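Following: one structure in structure tokens, then a few remarks.
The values are calculated or read from the model by the stated rules, or taken from the named source; none is laboratory data. Note that the structure is a prediction, hence the values are computed from the model and not measured. Please note: Cβ atoms are built from the backbone with ideal geometry, for glycine as well, and neighbour counts cover all protein chains shown. To get the accessible areas, we keep the full protein, side chains included, count just its heavy atoms, and leave off ligands, DNA and RNA. Shrake-Rupley method; radii C 1.70, N 1.55, O 1.52, S 1.80 Å.
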Amino acid sequence: METDDVSVREQLFHNRVRETIICVLLFTCLYMLSYLILNQFRKTAEFVTDDVEDATVNKIALWLCTFTLSVAVCAVLLLPISILSNEVLLTFPQSYYMQWLNGSLIHGLWNLVFLFSNLSLVFLMPFAYFFTESEGFAGSRKGVMARVYEAVVLLLLLALLVLGIVWVASALLHDNIARKSLYDLWEYYLPYLYSGISLFGVLLLLLCTPLGLSRMFSVTGSLLVKPRLLEDVEDTLSCTTFEEDSLSRKINCGSTSCWVKLNMEALKKEYQAVQSKRVALEMRRKASPWQRNLGYPLAMLVLLALTVMCVLMVCFNVLELLLDETAMPRGMEDPHLGMASFSMFGSLGAAVQVVLILYLMVSSVVGFYSSPLFTGLLPRAQDTNLTQIIANCVSLLILSSALPVFSRTLGITRFDLLGDFGRYNWLGNFYIVFLYNMLFAGLTSASLIKTVTWAVQRELIRAFGLHRLPLTVSRSTVPFRLLLASGLSKIQ
């Protein structure tokens, strides 16, 4: 009997060591990937300076930002890894090489991401910002440690302020509980704070994702060669080249003409626009017929199919919320992986769920940076200062840490939330979840209809040459007979 107990303890020890090694290897790979990404955007002048102290402070802050970004990437991969792990265990239930993939590993990964995400949001990122902005207390000895002391003091003051706001909010909403748990910081106030942060992240996703789903068409179109109906590329390229040469001569002869001197800035902007148009036309001419005529339509069809699939799944989830209470998002303590698929269509449905989750995350990031409120945060290659990097890391972490709750609330997946992700106070409120699904379906449908109809109208106007009409002529008043005549003349 004692021998059996020892063997069980040894097995538990080996399992824990194996899970720790796997988590460390995964996080190390994500950390290196995050560092390479940040290294492409950071401003090199901030890290190569004559002031050794500033360079050291900036490097430490960059390491903290790299840690935060790696946690954000890991949060994005939580649901895909969990869903794919369940399908792998279903496919190979007795495989010796898949014994390391179990529910304990997935549950531990969820707990680590929850811990590190809240640690980064509450402590590391505020400390990094205060650390870069601090100079040490007046009268103290200058150096890195003086900045550390000032940053720590400011962080403590911020923590007291935030906890005070949380206590006031809890006292207004739950008066009795707030009085009984005044000193219960760990068990009540920190989870209450995490619940508020997650609710803010989910609301931010609700605003950014529909906008991003509509913007994905234009962003993808800018990366591909668009086919132009009834357009002679060679003729258009020749006209654009002549126009570019004419503008170039006007700019070069600007010193002899008073009128050109007064309009030099306008001429330069027009020259840049014509030059970019010429480059796009040259790319279209060099592209193969398959790439020019098939790549762009296929990409648009794939984006349209993914967006429509998301809307249909959300509508189906709304019906389930009305008919079945098990459709409500809830937490799960022990993930029973390898028992049943989380999709009614099996492995194919699980793969579609993973693709949709990643597509929604990419769309939310596109929508976030397309929003007028956050356009200024858009990072630029080799020209992003450290404050902007900190703000971007915080924003991406808020979006990514809310992605599992967002996907489960919309019914994109049936994988229940693990660990502390399923303990948020607002998840059990039927009205919040139902209204959230309705708003997402309505906003996404409206954005999709607007994007598709405007894109079709724009392409038809360009195809028939009506974009050359003067602004005083309303294109909506052009009769349909004139459209047909214009189209037939171009075909001939």
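Restricting to Cα atoms and excluding each atom paired with itself, what does the Kirkwood estimate give for the range 125-166 in Å?
Hydrodynamic radius (Kirkwood, Cα pairs) of the range 125-166 is 10.6 Å.
For the pair residue 95 and residue 249, what calculated FRET efficiency results from E = 1/(1 + (r/R0)^6), where r is the Cβ-Cβ distance and R0 = 51 Å, to the nearest 0.05?
In this case the efficiency is close to 0.10.
Compute the distance in nm between two label points, each set 7 Å from the Cα along the Cα-to-Cβ direction, one at residue 241 and one at residue 10.
7.9
Once both labels are modelled 7 Å past Cα along the beta-carbon direction, what's the residue 54-residue 279 spacing in nm?
That separation, rounded to one decimal, is 3.2 nm.
What whole-number volume per residue, in cubic angstrom, does the convex hull of the C-alpha atoms of the range 296-393 give?
It is 204 Å³ per residue.
Would you tell me the accessible area of residue 432, worked out with a 1.4 angstrom probe on the heavy atoms of the protein chains, in Å² to the nearest 10?
Roughly 70 Å² of residue 432 is accessible to a 1.4 Å probe.
Spin-label point model (7 Å from Cα, Cβ direction): what's the residue 328 to residue 135 distance in nm?
Placing both labels 7 Å beyond Cα along the Cβ direction yields 5.5 nm.
What do you get for Rg/Rh of the range 1-124 when both radii come from the Cα atoms and Rh is the Kirkwood radius?
My calculation puts Rg/Rh at 1.13.
If amide H atoms are built 1.01 Å from N in the plane of the peptide, which residues on other chains or at least 5 residues away come under 5 Å of the amide H of residue 77?
none
As a test of reading the structure, rank 168, 352 by solvent-accessible area (1.4 Å probe, protein chains only), most first.
168, 352
Taking amide H positions as placed in the peptide plane 1.01 Å from N, state which residues far from residue 417 in sequence (5 or more) or on other chains have amide H under 5 Å from it.
Counting only residues 5 or more places away or on other chains, the set is 330, 332.
Heavy-atom accessible area of residue 220 with all protein chains present, probe 1.4 Å, nearest 10 Å²?
Surface open to solvent at residue 220 totals about 30 Å².
For residue 17 and residue 382 in one chain, what is 0.36 nm times their gap in residues minus the Cα-Cα distance, to one decimal in nm?
That works out to 127.4 nm of additional length.
Cα centroid distance between the range 362-424 and the range 60-120, in Å?
17
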